[in-house]
Each structure stands twice: as C-alpha cells, then as structure tokens.
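Below is one structure, written out as structure tokens; comments come after it.
Each value in this text was obtained by applying a stated rule to the coordinates, not by laboratory testing. Every value quoted in this text rests on a predicted model; they were computed, and no experiment measured them. Here the Cβ positions follow ideal geometry from the backbone for every residue, glycine too, while neighbour counts run over all protein chains shown.
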Amino acid sequence: MDCKELNQLIAKEEKFLEGVENNLAESKKSYQEAQQKASVAQLAFQGAQNELNIWTGAANAIKVRLTRLREQVQQEQPTSPDKPITNLLASATSTLRAIAESSNGSQDVNKTEMIRAVLRRHPAGITPAELWQELNGEVSRDYVYAVLKRLKDRDQISYRRKKYSLRDIAGQKTLGNNAPATLQ
C-alpha cells in the first residue's frame, strides 16, 4: 500500500469512528434518561412499600392490643362489660390516629410515634422493658432504647427513677394529672 491508499483508508476509518462516536453519544443519552426514570420508579416503589409497612404495622399493633384487652376483659368479668370495651376502642382509635397523623412515608417515624403513643398512655412513666413488652415485638428492643435516647437528647422525654415519660410542649415533665411540674 502506498501513502495515498493509506491516507484514504485513514480518512474512511476516521469517518466511521465519527459515526460510531455519534451513536455512542446518543446511546449514553438514552441510557441516562432510562436510568433516571428507573430511579424515579424505584423511589415511588419504596415510598409505596414504606406506606404499606406503616399501615400493616399499625393494624397489627392495634389487633394485638385489642386481643390483649379482650382477654383481660374476659378474665376479669367486670360488672359493666360496656365500659372496658368503650375505653379499649377509644384508646385504639387514638393510637391509630396518632400513627396516621405522623405517617409521612417513613417507617422510622411510625415506630417513634408508636413509642410516643405508649409513653402518652403512661404519664407516670414506663420502663424500657415495659415499653418494649407493650409494643409486643413491633420494634426490636435495641430500637426502643435508641429511640428513647434520641427523644431524651432532644428533651422530648425525661428519665427519672428508671422510668421514661413524655414532657409537655414547654419541655417540662408532666405529672399524672397532666399538669406541668413546677419548682418550688
């Protein structure tokens, strides 16, 4: 091959390379668009999955609580059977409402709100072990301690006599009658 033929071959190859590089650029662009759509779809899927987990957990927690309270009612055989059931339904409804109001698609918020709901039902305080038992396995024992530490660090709860209790909005410990504690 002489120089002229080699130059023509090089020109052909350069033209061919230019076409391949154009196709490569278009392919990269379509790949990036598809990847972006896949990311959006994955986020939507995760959001739907988290919401499903939140509502499943809420329903299961209330079912377990209702079962426990029904067993307690049957064991105690109260003189007026309507009163415990009314209290049970009101408590279950308030728990579900608290969980639903806090639901923003995050499972962590749901579990934290479940712990807050239990703390609300025990204004005199509750030990971590009692709290974990009341949640009946909805959250791990380690997670209960982690949430309690986080809430304590944020001054949302107080720790006294080995029991945790919620603080009111002003950050003061609430007493059993829901009146803020005052220092004398």
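Projecting the Cα atoms of Tyr31, Leu43, Met1 onto the charge dipole of the range 1-83, computed from C-beta unit charges around the Cα centre, puts Leu43 farthest toward the positive end. For Arg167, the residues whose modelled amide H falls within less than 5 Å of its own, excluding neighbours fewer than 5 places apart on the same chain, are Ile157, Ser158.
Applied to the range 3-18, the Karplus parametrisation 6.51 cos²θ - 1.76 cosθ + 1.60 on θ = phi - 60° returns per-residue 3J(HN,Hα) values of 4, 5, 5, 5, 5, 5, 5, 5, 5, 4, 5, 5, 5, 5, 4, 4 Hz, with x for Gly and Pro.
As a calculated quantity, the FRET efficiency between Asn60 and Arg120 at R0 = 22 Å, using C-beta atoms, amounts to about 0.65.
Of all lysines in the structure, those lying under 27 Å Cα to Cα from Lys149, and not within fewer than 8 positions of it along the same chain, are Lys111, Lys162, Lys163, Lys173. Rounded to the nearest Hz, the phi-derived 3J(HN,Hα) couplings of the range 68-73 under the Karplus curve 6.51 cos²θ - 1.76 cosθ + 1.60 (θ = phi - 60°) are 4, 5, 5, 5, 5, 5, where x marks glycine and proline. Close amide H contacts of Thr127 (hydrogens built in the peptide plane, cut-off under 5 Å, sequence separation of 5 or more or a different chain): Tyr164.
If you take the beta carbon distance between Ala129 and Gln72 as r and set R0 to 25 Å, what does 1/(1 + (r/R0)^6) give as a FRET efficiency, to the nearest 0.05?
The calculated FRET efficiency here is 0.80.
For a straight C-alpha distance cut-off of 29 angstrom, the lysines reachable from Lys15 (same-chain residues fewer than eight places away being disregarded) are Lys4, Lys28, Lys29. If you take the beta carbon distance between Ser30 and Glu5 as r and set R0 to 25 Å, what does 1/(1 + (r/R0)^6) give as a FRET efficiency, to the nearest 0.05? After rounding to 0.05, the efficiency reads 0.10.
Lys15 to Tyr143: extension gain in nm, 0.36 nm per residue of separation minus the Cα-Cα distance?
39.8 nm
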